[in-house]
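Colleague: Sharing a structure below in structure tokens format, with a few things to ask.
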Amino acid sequence: MGTETRQEKLEKLRKFWKTHLDKWEKSGLSQKEYCRQHNLVYHRFGYWKARFKSRNLPVKFVQVASQPINPGPYVLKLNLPRGCQIEIPDDFSADTLKRVLVTLQES
């Protein structure tokens, strides 16, 4: 019975397929033809190719101009009894708000 750990077996597989993928890229052969000539299972070749490609994607940084985000008009919301809600925009009229509040207190 082998004493290799699962991690060691996986590392051997990685090396095996990495070697074949590197040789294939230099060979000029199609994937299918390379697999045929080297007695490799075609779909496993594709699996490992995709796996290595996803791990070796280049990291690119893009400079983004910093501009303040304008979230739109600010709104103050007053939740009142009986399910009433008043939304007060950032540029509200203080006099109008006072009249609304006085009217609500009277009712």
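The values are calculated or read from the model by the stated rules, or taken from the named source; none is laboratory data. Since this is a predicted model, take the numbers as computed values, not measurements. Positions of Cβ are generated from backbone atoms using ideal geometry, with glycine treated the same way; all protein chains shown enter the neighbour counts.
Colleague: Which one of the conditions (1) surrounded by 12 or more Cβ atoms within 10 Å (Cβ to Cβ); (2) modelled with pLDDT under 90 does F16 fail to meet, given that it meets all the rest?
Modeller: (2)
Colleague: Could you tell me whether segment 37-45 includes any residue that is in contact (Cβ under 8 Å) with a residue 24 or more places away in the chain, of a type in the set (F, W, Y) and surrounded by 13 or more Cβ atoms within 10 Å (Cβ to Cβ)?
Modeller: Yes.
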